[in-house]
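The values are calculated or read from the model by the stated rules, or taken from the named source; none is laboratory data. Because the structure is a prediction, the values reported are computed rather than measured. Quick reminder, even Gly has a Cβ in these numbers, built from the backbone with ideal geometry, and neighbours come from all protein chains shown.
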Amino acid sequence: MALGVLGALGAFCVLACDLPAALAWPAALLVAAGAGIQLRRYRRCPACVLEIVPGAGGGRCDGRPLRALQVRWRGPLAFIGWRQMDGRSAWRLFWPDQLAPAQRRELTLALRRPAAAASAPSMAR
């Protein structure tokens with residue numbers, strides 16, 4: 001939903017800038033089409049259970065091991081990406097309402113110092 005709104009706002013911003021109309025309309029259509037493609041791609045991602053294994057530097061998705069697990073924060077959003085064992089890449093996006101503040105902090109700390117996170121049980125459940 002939000003991705004569709006952002007795509008529409010992006011197309012509007014292209015139209016509202018000082019580009020000539022001959023360039024603005026095709027660019028706005030490209031922005032809207034790109035947002036539609038990304039929205040369709042995101043909706044087709046199957047749901048999975050993502051488990052980060054502390055101390056190992058990896059994790060599991062639906063019980064399958066992952067490699068090259070990365071978490072990137074953009075404000076309150078958490079982008080988690082990884083490579084599956086067959087070499088394909090996958091990612092998930094966590095919005096602020098999906099992770100409680102304690103869980104966001106625990107995720108940040110666990111990925112910053114994985115050995116320390118492995119020693120004690122999790123406090124955010």
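A few notes on this one:
- Taken over the range 53-66, the residue count meeting the criterion of being farther than 21 Å from Tyr42 by Cβ, in contact with a Gly (Cβ under 9 Å, 6 or more places away or on another chain) and at pLDDT 80 or above is 1.
- Residue list for the range 76-117, filter: surrounded by 13 or more Cβ atoms within 10 Å (Cβ to Cβ), aliphatic (A, V, I, L, M) and modelled with pLDDT under 70: Ala110, Leu111, Ala117
- Of the residues making up the range 65-111, those that are in contact (Cβ under 8 Å) with a residue 12 or more places away in the chain and in a strand (DSSP E or B) number 21.
- A search for C-beta distances below 8 Å between a residue of the range 22-51 that is touching a residue at least 40 places away in the same chain (Cβ under 8 Å) and any residue that is surrounded by fewer than 15 Cβ atoms within 10 Å (Cβ to Cβ) and among the charged types (D, E, K, R), counting only pairs 6+ apart in sequence or on different chains, returns Cys48/Asp62.
- Scanning the range 28-53 for residues that are assigned to a helix (DSSP H, G or I) and buried (at least 16 other Cβ atoms within 10 Å of the Cβ) gives Ala28, Val31, Ala32, Ala35, Leu39.
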